[in-house]
Amino acid sequence: MSETKDIFILAIESSCDETAAAVVKNGREVLSNVISSQIALHTLYGGVVPEIASRKHIEKINQVIEEALDQAEVTLDDLDAIGVTYGPGLVGALLVGVAEAKAIAYAKKLPLIGVHHIEGHISANYIENKELEPPFICLVVSGGHTHLVCVKDYGTYEILGRTRDDAAGEAFDKVARAIGLGYPGGPKIDKLAKEGNPNAIPFPRAHIEGAEYDFSFSGVKSAVLNYINGCQMKGIEYHKADIAASFQKAVTDVLVGNAMRAVETYGLKKLAIAGGVASNSSLREAMKQACEERGIEFYYPSPILCTDNAAMIGAAAYYEYLNGTRSGWDLNAVPNLKLGER
């Protein structure tokens, strides 16, 4: 029997405010994962400024790719394909990565594989959980996305539910700003919530009639703002830690509840979480407990693989490569790309 050849993919991710490159071998072995974050820069403005993000990507992208190749101890000649995020995300930021990937693929006569950003987040679970294979349910929660997805096979997805308004991470950022924590909100609320009582304030949990897997977080965000305003108007002191803990529990309850309903309805015994909010300690703990109670296997990536990174794009690109997916030289940035579209 002939040996199967190892597949090396250089992956590029630039959908928001991280410029990232990675070399991934056979979809699950990360040889390098280099991330240049712009968080400190955007903190000055209280959130991501698209124009600044694009300029920083242009400044950093060659350097990040060179570092990824050096760390992996490979050259462009060792590669089998180039994978790149082409949507969804900030259009200017995406264009930098797509243009770079096309240039390298064209110069080196390598296959070009456009990857959906959310597919990347889902695929992050394959890197550290070598035994994980489809089908399974995956909850993707980040600053820009909240999706409940049935992963039927590699590259085959059914979206069961999505947010109707704010993404979970977006709600975290807005609430963090309201209680004076600043940006980025998710990690700061997670930390402060540990000092508060999660049952102190009964913030609402939204359930959408006729769409049992969909999410809505604008109501709980508004409830927090109204609570703070009410306290200020009446001259009542409020406890930031209690607000953080109660808000976090309201969001977590909805995320866990919808995910558990999906797992039970679809009869799948595997649940994964992904995206920046998947590194939230309260969500992980609640999801782990809910899965243990129901005998469901629970998977989650390390925090570094939850935030935007290129290793997850390399994992997704590998399975797209095996499926025969190839992008043309007309590959373009698609800021509102839907999962499952090509």
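General observations
- The set of residues in segment 159-197 that are among the basic types (Lys, Arg) and in a loop (DSSP other than H, G, I, E, B) comprises 164, 194.
- Test: residue in segment 257-265 that is of a type in the set (Gly, Ala, Ser), in the same structural domain as residue 165 (by TED's automatic domain parsing), under 18 Å from residue 148 (Cα atoms) and surrounded by fewer than 22 Cβ atoms within 10 Å (Cβ to Cβ): yes
- Helices (runs of 4 or more DSSP H) wholly inside segment 198-314 containing at least 3 residues that are over 30 Å from residue 125 (Cα atoms): 218-234, 240-266
- Applying the condition of being closer than 19 Å to residue 18 by Cα and among the small types (Gly, Ala, Ser) to segment 137-166 and asking which residue is nearest to the chain's Cα centre (by Cα) yields 142.
- Members of segment 5-29 found to be in a strand (DSSP E or B) and within 18 Å of the chain's Cα centre (by Cα), listed by number: 11, 12, 13, 18, 19, 20, 21, 22
The values are calculated or read from the model by the stated rules, or taken from the named source; none is laboratory data. Every value quoted in this text rests on a predicted model; they were computed, and no experiment measured them. Note: ideal-geometry Cβ built from the backbone for every residue, glycine included; neighbour counts use all protein chains shown.
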